[in-house]
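Participant: First the structure, which I've put down as structure tokens, then a few questions once you've had a look.
The values are calculated or read from the model by the stated rules, or taken from the named source; none is laboratory data. Just so it is clear, the model here is predicted, and its values are computed rather than measured. For neighbour counting, all protein chains shown are included, and Cβ atoms are generated from backbone atoms with ideal geometry for every residue, glycine included.
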């Protein structure tokens with residue numbers, strides 16, 4: 001079996017599972033946020049009316065994070081958060097982060113909720129981020145999540161396996177974001193539909209924790225059920241510092257596992273990549289769109305809002321000024337990252353350059369607030385989606401790039417690569 005199959009077999013109480021098999025698994029951790037909690041709660045209450053079960057299966061295994069509209073930007077968002085707050089109190093769910101701690105996919109690993117070898121279901125499509133830690137993690141809708149709240153179980157079809165092997169070294173101005181954009185560009189937005197992607201190869205083995213999170217975060221943009229990476233030394237050290245008892249089991253693939261599909265990439269000659277409007281797989285070398293005018297530059301999201309991303313941008317922005325035609329919005333992925341950036345002087349660099357630094361959260365990524373695009377406006381963003389209307393008006397356009405390209409473009413007022 002591969003890593004995913006071994007984790008699912010354990011969760012299903014079976015010796016082994018096979019691709020295509022329908023199984024019922026025990027969920028180790030369930031996550032909802034301020035946008036998906038109310039519909040989950042509403043469905044849970046309907047289940048409770050029919051079954052008589054009034055309590056969630058295990059309040060200690062549920063985590064709720066306010067991140068999509070924090071602080072609430074309209075009456076509806078405020079009501080959603082109020083409903084969620086009251087439900088958490090009633091159900092004695094103590095793991096609720098409602099004070100701007102950050103984006104759920106950053107907060108959960110930081111707070112020690114993510115363990116290798118576990119099954120994690122989140123009511124958010126980018127839950128696959130946790131595969132960076134060797135966990136099976138995937139997103140589901142409110143109905144499925146309500147059943148998990150009630151029973152602690154869910155059903156899954158064991159996904160077919162896809163192995164992506166990466167070799168080579170990153171060149172200047174090229175990052176893990178460029179790698180995953182390049183892969184999506186080659187395989188397409190439906191190239192891994194309901195597949196389990198296992199990343200391997202010397203390049204992957206050497207990636208840092210933030211880089212691994214960026215890679216796994218965007219596997220859903222290929223349609224994948226989950227993305228997963230076997231933890232390396234850096235990942236194990238990160239986990240040991242944050243997990244309460246520091247104990248976990250790492251699963252590795254059997255050497256004779258026959259993957260359904262295998263792909264090989266060498267990044268020695270990879271250049272900075274950009275996903276052009278309006279699809280994540282509309283990927284081109286950044287040099288092919290140089291000079292494209294921009295109105296907004298966004299640095300943040302669960303893809304690239306970590307300290308390493310902020311640091312890369314700060315190195316470009318130091319002693320520079322944001323172009324007069326551009327608003328640059330920077331949103332650290334968590335309060336922990338925000339405080340570290342403050343301590344290291346990054347926030348001062350951003351503000352001196354003329355950028356707007358906002359509180360941790362999702363903000364502009366989903367067109368919620370703190371940077372919504374107007375008609376015809378163009379944004380270059382470190383986020384994960386550039387669908388039509390994703391960040392605001394349907395007539396706006398979004399380009400996806402790494403933090404270096406976003407920072408340089410903010411200075412020039414057009415898509416640019418540092419010389």
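Participant: For the range 137-158, which residues satisfy the criterion of being part of a strand (DSSP E or B) and over 14 Å from residue 33 (Cα atoms)?
Facilitator: Once the filter is applied, which keeps residues that are part of a strand (DSSP E or B) and over 14 Å from residue 33 (Cα atoms), the range 137-158 yields 137, 138, 153, 154, 155, 156, 157.
Participant: Can residue 365 be described as in a helix (DSSP H, G or I) and buried (at least 24 other Cβ atoms within 10 Å of the Cβ)?
Facilitator: The answer is yes for residue 365.
Participant: Residue 210 versus (1) closer than 27 Å to residue 156 by Cα; (2) modelled with pLDDT of 95 or more: which is the lone unmet condition?
Facilitator: (1)
Participant: Residues that are without any contact (Cβ under 8 Å) to a residue 24 or more places away in the chain: find the helices (runs of 4 or more DSSP H) completely inside the range 261-348 holding 2 or more of those.
Facilitator: 335-343
Participant: For residue 388, are the conditions met, namely being under 18 Å from residue 292 (Cβ atoms), within 25 Å of the chain's Cα centre (by Cα), assigned to a loop (DSSP other than H, G, I, E, B) and at pLDDT 95 or above?
Facilitator: So residue 388 fits the description; yes.
Participant: State all residues of the range 204-257 that are free of Cβ contacts under 8 Å to residues at least 12 places away in the same chain and touching a helix residue (DSSP H, G or I) at 6+ places or on another chain (Cβ under 7 Å); if no residue qualifies, say none.
Facilitator: Correct list: 246 only.
Participant: Does residue 164 fit the bill of being in a helix (DSSP H, G or I) and touching a strand residue (DSSP E or B) at 6+ places or on another chain (Cβ under 9 Å)?
Facilitator: no
Participant: Looking for whichever is within 17 Å of the chain's Cα centre (by Cα), at pLDDT 95 or above and assigned to a strand (DSSP E or B) here; the options are 215, 183, 197. Which one fits?
Facilitator: Every option except 197 fails the conditions.
Participant: Could you identify the single residue in 150, 224, 176, 234 that is under 30 Å from residue 50 (Cβ atoms) and either crowded, with 17+ Cβ neighbours inside 10 Å or modelled with pLDDT of 95 or more (or both)?
Facilitator: Checking each option against the conditions leaves just 150.
Participant: State all residues of the range 45-62 that are in contact (Cβ under 8 Å) with a residue 40 or more places away in the chain, within 30 Å of residue 334 (Cα to Cα) and surrounded by fewer than 23 Cβ atoms within 10 Å (Cβ to Cβ); if no residue qualifies, say none.
Facilitator: Once the filter is applied, which keeps residues that are in contact (Cβ under 8 Å) with a residue 40 or more places away in the chain, within 30 Å of residue 334 (Cα to Cα) and surrounded by fewer than 23 Cβ atoms within 10 Å (Cβ to Cβ), the range 45-62 yields 57, 58, 61.
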